[in-house]
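Novice: Just dropping this structure here.
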Amino acid sequence: MALFRSLMLAATLCISAAAPAWAEGYPSKPVEMIVPWPAGGGTDVIARVYAEAARPHFAQPILIVNRPGAIGSIGFSEAAAARPDGYKVVMATPELLIAPYLGIGRASYENFVPIARINADPASVTVRADAPWKTIEEFLAHARASAGKVTLSTSGNGAIPDIAAAALEDRTGIKFTRVPYQGEAPAIQAILAGQVDATVVAPGAMNSHIQAGKLRVLAVTSAQRIAELPQVPTLKERGVDLAIGTWRGLMVPKGTPPDVVAQWRELTRKVSADPKYQDTLKKQNVNLIYEEGDQFTAVMRENDALFKRLVPLLQVTAK
(Lines give C-alpha, C1' and ligand atoms only; values in the text may rest on other atoms or scores of the structure.)
Protein backbone atom coordinates (compact mmCIF):
# COMPACT_ATOMS: atom_id res chain seq x y z
CA MET A 1 0.00 0.00 0.00
CA ALA A 2 2.88 2.36 0.78
CA LEU A 3 4.38 1.62 -2.64
CA PHE A 4 1.00 2.22 -4.26
CA ARG A 5 0.74 5.62 -2.56
CA SER A 6 4.25 6.57 -3.63
CA LEU A 7 3.58 5.64 -7.24
CA MET A 8 0.30 7.56 -7.29
CA LEU A 9 1.91 10.63 -5.69
CA ALA A 10 4.70 10.57 -8.25
CA ALA A 11 2.20 10.24 -11.09
CA THR A 12 0.13 13.11 -9.75
CA LEU A 13 3.17 15.38 -9.43
CA CYS A 14 4.40 14.49 -12.91
CA ILE A 15 1.11 15.35 -14.58
CA SER A 16 0.10 18.34 -12.48
CA ALA A 17 1.83 20.88 -14.68
CA ALA A 18 0.20 19.43 -17.77
CA ALA A 19 -3.22 18.74 -16.26
CA PRO A 20 -6.03 19.61 -18.70
CA ALA A 21 -8.26 22.58 -18.13
CA TRP A 22 -11.64 21.74 -16.68
CA ALA A 23 -14.32 21.39 -19.33
CA GLU A 24 -16.11 24.70 -19.50
CA GLY A 25 -19.27 24.62 -17.39
CA TYR A 26 -18.82 20.95 -16.50
CA PRO A 27 -20.17 19.61 -14.26
CA SER A 28 -23.16 21.88 -13.77
CA LYS A 29 -25.39 19.22 -12.20
CA PRO A 30 -24.98 15.93 -10.31
CA VAL A 31 -23.42 13.02 -12.21
CA GLU A 32 -24.85 9.51 -12.15
CA MET A 33 -22.47 6.59 -11.69
CA ILE A 34 -24.21 3.45 -12.90
CA VAL A 35 -23.35 0.31 -10.94
CA PRO A 36 -24.66 -2.72 -12.88
CA TRP A 37 -24.91 -4.80 -9.70
CA PRO A 38 -27.06 -4.72 -6.54
CA ALA A 39 -26.34 -2.52 -3.55
CA GLY A 40 -24.08 -4.12 -0.97
CA GLY A 41 -21.84 -6.04 -3.36
CA GLY A 42 -18.15 -5.38 -3.96
CA THR A 43 -18.65 -3.18 -7.02
CA ASP A 44 -21.25 -1.09 -5.20
CA VAL A 45 -18.91 -0.63 -2.21
CA ILE A 46 -16.03 0.54 -4.41
CA ALA A 47 -18.31 2.97 -6.27
CA ARG A 48 -19.61 4.52 -3.05
CA VAL A 49 -16.15 4.90 -1.54
CA TYR A 50 -14.97 6.50 -4.80
CA ALA A 51 -17.92 8.93 -4.84
CA GLU A 52 -17.20 10.01 -1.27
CA ALA A 53 -13.47 10.47 -1.95
CA ALA A 54 -14.27 12.53 -5.06
CA ARG A 55 -16.31 15.16 -3.16
CA PRO A 56 -13.39 17.54 -2.41
CA HIS A 57 -12.22 17.38 -6.03
CA PHE A 58 -15.47 17.52 -8.00
CA ALA A 59 -17.91 20.40 -8.28
CA GLN A 60 -21.06 18.24 -8.11
CA PRO A 61 -22.19 15.12 -6.23
CA ILE A 62 -21.68 11.71 -7.81
CA LEU A 63 -24.90 9.75 -7.36
CA ILE A 64 -24.72 5.96 -7.28
CA VAL A 65 -27.46 4.32 -9.36
CA ASN A 66 -27.78 0.53 -9.11
CA ARG A 67 -29.00 -1.20 -12.28
CA PRO A 68 -28.62 -4.95 -11.62
CA GLY A 69 -29.70 -7.79 -13.85
CA ALA A 70 -28.55 -9.99 -16.75
CA ILE A 71 -24.94 -10.14 -15.44
CA GLY A 72 -24.68 -6.37 -15.61
CA SER A 73 -26.07 -5.98 -19.12
CA ILE A 74 -29.00 -3.81 -18.03
CA GLY A 75 -26.64 -1.24 -16.51
CA PHE A 76 -24.06 -1.52 -19.29
CA SER A 77 -26.73 -0.99 -21.95
CA GLU A 78 -28.14 2.07 -20.17
CA ALA A 79 -24.68 3.59 -19.86
CA ALA A 80 -23.76 2.87 -23.49
CA ALA A 81 -27.00 4.49 -24.69
CA ALA A 82 -26.59 7.60 -22.51
CA ARG A 83 -25.89 11.00 -23.99
CA PRO A 84 -22.08 11.30 -24.20
CA ASP A 85 -21.87 14.44 -22.11
CA GLY A 86 -20.15 13.16 -18.98
CA TYR A 87 -23.27 13.03 -16.81
CA LYS A 88 -23.47 9.23 -16.82
CA VAL A 89 -20.43 7.10 -16.09
CA VAL A 90 -20.37 3.38 -15.42
CA MET A 91 -18.38 1.29 -12.96
CA ALA A 92 -17.58 -1.51 -15.39
CA THR A 93 -16.69 -5.13 -14.62
CA PRO A 94 -15.47 -7.99 -16.88
CA GLU A 95 -19.05 -9.10 -17.44
CA LEU A 96 -19.20 -6.31 -20.02
CA LEU A 97 -16.94 -8.54 -22.11
CA ILE A 98 -18.62 -11.83 -21.23
CA ALA A 99 -22.23 -10.87 -22.02
CA PRO A 100 -21.81 -10.71 -25.84
CA TYR A 101 -20.59 -14.33 -25.86
CA LEU A 102 -23.74 -15.32 -23.99
CA GLY A 103 -25.97 -13.55 -26.49
CA ILE A 104 -27.32 -11.00 -24.03
CA GLY A 105 -27.14 -7.22 -23.79
CA ARG A 106 -26.48 -4.65 -26.48
CA ALA A 107 -23.28 -3.13 -25.10
CA SER A 108 -19.63 -4.04 -25.61
CA TYR A 109 -16.44 -2.46 -24.35
CA GLU A 110 -16.06 -0.79 -27.75
CA ASN A 111 -19.12 1.36 -26.93
CA PHE A 112 -17.14 3.16 -24.22
CA VAL A 113 -14.11 5.34 -23.62
CA PRO A 114 -12.12 3.90 -20.70
CA ILE A 115 -11.20 6.29 -17.89
CA ALA A 116 -9.14 3.99 -15.67
CA ARG A 117 -9.13 0.55 -14.10
CA ILE A 118 -9.01 0.96 -10.34
CA ASN A 119 -9.27 -2.54 -8.92
CA ALA A 120 -8.39 -6.18 -9.67
CA ASP A 121 -9.51 -9.04 -7.41
CA PRO A 122 -9.50 -12.82 -7.62
CA ALA A 123 -12.49 -14.96 -6.85
CA SER A 124 -12.29 -17.43 -3.99
CA VAL A 125 -13.68 -20.74 -2.81
CA THR A 126 -15.23 -19.94 0.57
CA VAL A 127 -17.25 -21.98 3.08
CA ARG A 128 -18.91 -21.29 6.41
CA ALA A 129 -16.56 -21.29 9.37
CA ASP A 130 -18.44 -24.24 10.87
CA ALA A 131 -18.12 -26.33 7.69
CA PRO A 132 -16.19 -29.59 8.05
CA TRP A 133 -13.62 -28.70 5.36
CA LYS A 134 -10.52 -26.93 6.64
CA THR A 135 -8.55 -27.02 3.35
CA ILE A 136 -9.31 -26.78 -0.35
CA GLU A 137 -8.05 -30.36 -0.74
CA GLU A 138 -10.63 -31.62 1.76
CA PHE A 139 -13.39 -29.68 0.04
CA LEU A 140 -12.49 -30.90 -3.45
CA ALA A 141 -12.18 -34.50 -2.23
CA HIS A 142 -15.67 -34.27 -0.72
CA ALA A 143 -17.06 -32.74 -3.93
CA ARG A 144 -15.40 -35.44 -6.05
CA ALA A 145 -17.01 -38.16 -3.95
CA SER A 146 -20.42 -36.47 -3.96
CA ALA A 147 -21.01 -36.40 -7.74
CA GLY A 148 -22.75 -33.06 -8.32
CA LYS A 149 -24.33 -32.73 -4.90
CA VAL A 150 -22.04 -29.95 -3.63
CA THR A 151 -23.59 -26.51 -4.26
CA LEU A 152 -21.72 -23.29 -5.05
CA SER A 153 -23.36 -19.86 -5.01
CA THR A 154 -22.13 -17.32 -7.56
CA SER A 155 -23.06 -13.74 -8.41
CA GLY A 156 -24.99 -14.58 -11.57
CA ASN A 157 -25.16 -16.86 -14.58
CA GLY A 158 -22.12 -15.97 -16.69
CA ALA A 159 -20.65 -13.55 -14.14
CA ILE A 160 -16.91 -13.81 -13.46
CA PRO A 161 -17.39 -15.93 -10.29
CA ASP A 162 -19.72 -18.22 -12.25
CA ILE A 163 -17.09 -18.50 -15.00
CA ALA A 164 -14.49 -19.25 -12.31
CA ALA A 165 -16.72 -21.96 -10.81
CA ALA A 166 -17.29 -23.49 -14.24
CA ALA A 167 -13.56 -23.34 -14.93
CA LEU A 168 -12.93 -25.09 -11.60
CA GLU A 169 -15.16 -27.91 -12.81
CA ASP A 170 -13.29 -27.99 -16.11
CA ARG A 171 -9.82 -28.05 -14.50
CA THR A 172 -10.64 -30.64 -11.80
CA GLY A 173 -13.19 -32.83 -13.55
CA ILE A 174 -15.46 -32.38 -10.53
CA LYS A 175 -19.14 -31.72 -11.10
CA PHE A 176 -20.67 -29.05 -8.84
CA THR A 177 -24.17 -27.62 -8.78
CA ARG A 178 -23.74 -23.90 -9.44
CA VAL A 179 -26.45 -21.72 -7.89
CA PRO A 180 -26.41 -18.23 -9.46
CA TYR A 181 -27.80 -15.16 -7.70
CA GLN A 182 -28.20 -11.58 -8.92
CA GLY A 183 -25.03 -10.14 -7.46
CA GLU A 184 -22.44 -10.83 -4.78
CA ALA A 185 -24.53 -9.77 -1.80
CA PRO A 186 -27.29 -12.40 -2.24
CA ALA A 187 -24.68 -15.05 -3.12
CA ILE A 188 -22.94 -14.32 0.19
CA GLN A 189 -26.22 -14.35 2.11
CA ALA A 190 -26.89 -17.80 0.68
CA ILE A 191 -23.68 -19.23 2.17
CA LEU A 192 -24.24 -17.44 5.48
CA ALA A 193 -27.75 -18.91 5.67
CA GLY A 194 -26.47 -22.40 4.90
CA GLN A 195 -28.45 -22.60 1.65
CA VAL A 196 -25.33 -23.68 -0.28
CA ASP A 197 -22.14 -25.51 0.62
CA ALA A 198 -19.72 -22.86 -0.66
CA THR A 199 -19.55 -19.60 -2.53
CA VAL A 200 -17.29 -18.39 -5.33
CA VAL A 201 -17.05 -14.58 -5.13
CA ALA A 202 -14.32 -12.01 -4.53
CA PRO A 203 -12.89 -12.09 -0.97
CA GLY A 204 -13.30 -8.33 -0.63
CA ALA A 205 -17.06 -8.64 -0.91
CA MET A 206 -17.08 -10.94 2.14
CA ASN A 207 -14.51 -9.10 4.25
CA SER A 208 -16.72 -8.26 7.22
CA HIS A 209 -17.94 -11.85 7.47
CA ILE A 210 -14.39 -13.21 7.16
CA GLN A 211 -13.17 -10.85 9.86
CA ALA A 212 -16.11 -11.80 12.07
CA GLY A 213 -15.14 -15.46 11.80
CA LYS A 214 -18.31 -16.47 9.98
CA LEU A 215 -16.64 -17.55 6.73
CA ARG A 216 -13.45 -19.45 5.88
CA VAL A 217 -11.63 -18.81 2.58
CA LEU A 218 -10.13 -22.08 1.33
CA ALA A 219 -8.38 -20.81 -1.81
CA VAL A 220 -8.14 -17.81 -4.14
CA THR A 221 -8.09 -17.82 -7.95
CA SER A 222 -5.20 -15.36 -8.38
CA ALA A 223 -1.77 -16.24 -9.77
CA GLN A 224 -0.18 -15.33 -6.42
CA ARG A 225 -1.45 -15.12 -2.86
CA ILE A 226 -3.12 -11.83 -2.02
CA ALA A 227 -1.69 -9.50 0.62
CA GLU A 228 -4.99 -9.21 2.48
CA LEU A 229 -5.20 -13.00 3.04
CA PRO A 230 -1.58 -14.16 3.03
CA GLN A 231 -2.42 -17.45 4.76
CA VAL A 232 -4.82 -18.52 2.00
CA PRO A 233 -3.29 -20.58 -0.84
CA THR A 234 -3.96 -20.14 -4.52
CA LEU A 235 -5.58 -22.92 -6.51
CA LYS A 236 -2.38 -23.12 -8.54
CA GLU A 237 -0.42 -23.92 -5.38
CA ARG A 238 -2.78 -26.82 -4.78
CA GLY A 239 -2.39 -28.26 -8.24
CA VAL A 240 -5.41 -26.67 -9.97
CA ASP A 241 -4.22 -24.69 -13.00
CA LEU A 242 -6.66 -21.80 -12.74
CA ALA A 243 -6.15 -18.06 -12.36
CA ILE A 244 -9.10 -15.78 -13.08
CA GLY A 245 -10.58 -12.72 -11.41
CA THR A 246 -12.68 -9.61 -11.58
CA TRP A 247 -11.87 -5.93 -11.89
CA ARG A 248 -13.62 -2.59 -11.75
CA GLY A 249 -13.00 0.44 -13.93
CA LEU A 250 -14.67 3.69 -14.91
CA MET A 251 -15.95 4.29 -18.44
CA VAL A 252 -18.00 6.91 -20.26
CA PRO A 253 -20.03 6.50 -23.46
CA LYS A 254 -18.15 6.68 -26.75
CA GLY A 255 -18.26 10.21 -28.12
CA THR A 256 -17.80 11.91 -24.75
CA PRO A 257 -15.76 15.13 -25.31
CA PRO A 258 -12.01 14.66 -24.78
CA ASP A 259 -11.84 17.45 -22.19
CA VAL A 260 -14.51 15.71 -20.09
CA VAL A 261 -12.64 12.40 -20.40
CA ALA A 262 -9.44 14.18 -19.34
CA GLN A 263 -11.22 15.69 -16.34
CA TRP A 264 -12.45 12.27 -15.22
CA ARG A 265 -8.96 10.84 -15.49
CA GLU A 266 -7.57 13.72 -13.46
CA LEU A 267 -10.28 13.18 -10.84
CA THR A 268 -9.62 9.43 -10.72
CA ARG A 269 -5.88 9.99 -10.22
CA LYS A 270 -6.65 12.24 -7.26
CA VAL A 271 -9.13 9.79 -5.77
CA SER A 272 -6.73 6.86 -6.26
CA ALA A 273 -3.95 8.79 -4.48
CA ASP A 274 -6.17 9.67 -1.50
CA PRO A 275 -4.93 7.86 1.65
CA LYS A 276 -8.41 7.63 3.18
CA TYR A 277 -9.81 6.07 0.00
CA GLN A 278 -6.95 3.57 -0.07
CA ASP A 279 -7.26 2.69 3.61
CA THR A 280 -11.03 2.31 3.47
CA LEU A 281 -10.89 -0.14 0.58
CA LYS A 282 -7.88 -1.97 1.99
CA LYS A 283 -9.98 -2.73 5.06
CA GLN A 284 -12.52 -4.27 2.67
CA ASN A 285 -9.80 -6.54 1.19
CA VAL A 286 -10.05 -4.64 -2.11
CA ASN A 287 -6.91 -4.82 -4.24
CA LEU A 288 -6.22 -1.33 -5.62
CA ILE A 289 -4.49 -0.62 -8.92
CA TYR A 290 -4.44 2.31 -11.32
CA GLU A 291 -4.30 1.85 -15.10
CA GLU A 292 -5.38 4.61 -17.46
CA GLY A 293 -6.92 4.53 -20.94
CA ASP A 294 -4.53 2.53 -23.15
CA GLN A 295 -3.45 0.19 -20.34
CA PHE A 296 -7.06 -0.45 -19.44
CA THR A 297 -7.93 -1.08 -23.09
CA ALA A 298 -5.09 -3.60 -23.39
CA VAL A 299 -6.44 -5.52 -20.38
CA MET A 300 -9.91 -5.63 -21.91
CA ARG A 301 -8.61 -6.87 -25.25
CA GLU A 302 -6.69 -9.65 -23.51
CA ASN A 303 -9.74 -10.58 -21.41
CA ASP A 304 -11.97 -10.49 -24.47
CA ALA A 305 -9.76 -13.02 -26.27
CA LEU A 306 -9.86 -15.30 -23.18
CA PHE A 307 -13.63 -15.15 -22.76
CA LYS A 308 -14.23 -15.66 -26.49
CA ARG A 309 -12.44 -19.01 -26.16
CA LEU A 310 -13.51 -19.96 -22.62
CA VAL A 311 -17.22 -19.15 -22.43
CA PRO A 312 -18.37 -21.49 -25.27
CA LEU A 313 -16.13 -24.28 -23.94
CA LEU A 314 -17.67 -24.11 -20.49
CA GLN A 315 -21.26 -23.95 -21.77
CA VAL A 316 -22.15 -21.16 -19.34
CA THR A 317 -25.58 -19.66 -19.82
CA ALA A 318 -27.03 -16.39 -18.59
CA LYS A 319 -30.55 -15.48 -17.53
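Novice: Got at least one residue in the stretch 256-273 being among the charged types (D, E, K, R) and at pLDDT below 95?
Specialist: Taking every residue of the stretch 256-273 in turn, none turns out to be among the charged types (D, E, K, R) and at pLDDT below 95.
Novice: Moving on. Please go through the stretch 108-130 and pick out each residue that is touching a helix residue (DSSP H, G or I) at 6+ places or on another chain (Cβ under 8 Å), among the hydrophobic types (A, V, I, L, M, F, W, C) and open to solvent by 10 Å² or more (accessible area, probe 1.4 Å).
Specialist: Scanning the stretch 108-130 gives 112, 113.
Novice: Those residues that are modelled with pLDDT of 95 or more, assigned to a helix (DSSP H, G or I) and either more than 18 Å from residue 249 (Cα to Cα) or touching a strand residue (DSSP E or B) at 6+ places or on another chain (Cβ under 7 Å) (or both), I need them from the stretch 66-80; list them, please.
Specialist: 75, 76, 78, 79, 80
Novice: Right, next: If residue 89 passes every condition in (1) in contact with a Lys or Arg (Cβ under 8 Å, 6 or more places away or on another chain); (2) modelled with pLDDT of 95 or more but one, which one does it miss?
Specialist: Result: residue 89 fails condition (1) only.
Novice: In addition: Could you tell me which residue of the stretch 215-237 is farthest from the chain's Cα centre (by Cα), considering only residues that are among the polar types (S, T, N, Q) and crowded, with 16+ Cβ neighbours inside 10 Å?
Specialist: Narrowing the stretch 215-237 to residues among the polar types (S, T, N, Q): 221-222, 224, 231, 234.
Narrowing further to those that are crowded, with 16+ Cβ neighbours inside 10 Å: 221-222, 234.
Working: 221: 13, 222: 13, 234: 18 Å.
Among residues in the stretch 215-237 that are among the polar types (S, T, N, Q) and crowded, with 16+ Cβ neighbours inside 10 Å, the one farthest from the chain's Cα centre (by Cα) is 234.
Novice: How many residues are under 8 Å from residue 155 (Cβ atoms) and either over 16 Å from the mean Cα position of the chain (by Cα) or among the aliphatic types (A, V, I, L, M) (or both) if we restrict to the stretch 177-191?
Specialist: The number of residues fulfilling the criteria is 2.
Novice: For the condition open to solvent by less than 50 Å² (accessible area, probe 1.4 Å) and part of a helix (DSSP H, G or I), what is the one hit in 240, 252, 261?
Specialist: Result of the check over 240, 252, 261: 261.
Novice: Give, as residue ranges, the helices (runs of 4 or more DSSP H) completely inside the stretch 108-225 that count at least 2 residues that are of a type in the set (A, V, I, L, M) and touching a residue at least 12 places away in the same chain (Cβ under 8 Å). Lay out the reasoning, then the answer.
Specialist: Working: elements: 136-146, 160-172, 184-192, 207-211.
Output list reads 136-146, 160-172, 184-192.
Novice: A follow-up question, please. Inspect all residues belonging to the stretch 56-70 and state whether any of them is among the aliphatic types (A, V, I, L, M), surrounded by 24 or more Cβ atoms within 10 Å (Cβ to Cβ) and either touching a residue at least 24 places away in the same chain (Cβ under 8 Å) or in contact with a Pro (Cβ under 8 Å, 6 or more places away or on another chain) (or both).
Specialist: No, every residue in the stretch 56-70 fails to be among the aliphatic types (A, V, I, L, M), surrounded by 24 or more Cβ atoms within 10 Å (Cβ to Cβ) and either touching a residue at least 24 places away in the same chain (Cβ under 8 Å) or in contact with a Pro (Cβ under 8 Å, 6 or more places away or on another chain) (or both).
Novice: What residue, among those in the stretch 277-294 that are out of contact with any Pro (no Cβ under 9 Å at 6 or more places or on another chain) and exposed (fewer than 15 other Cβ atoms within 10 Å of the Cβ), is farthest from residue 228 (Cα to Cα)?
Specialist: The qualifying residue farthest from residue 228 (Cα to Cα) is 279.
Novice: Also, I was wondering about something else. For residue 200, are the conditions met, namely being open to solvent by less than 20 Å² (accessible area, probe 1.4 Å) and under 15 Å from the mean Cα position of the chain (by Cα)?
Specialist: Yes; evaluated as a whole, the condition is true for this residue.
The values are calculated or read from the model by the stated rules, or taken from the named source; none is laboratory data. These numbers were taken from a predicted model, which means no experiment stands behind them. Don't worry about glycine lacking a Cβ; one is built from the backbone with ideal geometry, like all the others, and counts go over all protein chains shown. The area values use the complete protein model at the heavy-atom level, side chains included, leaving out ligands, DNA and RNA. Shrake-Rupley method; radii C 1.70, N 1.55, O 1.52, S 1.80 Å.
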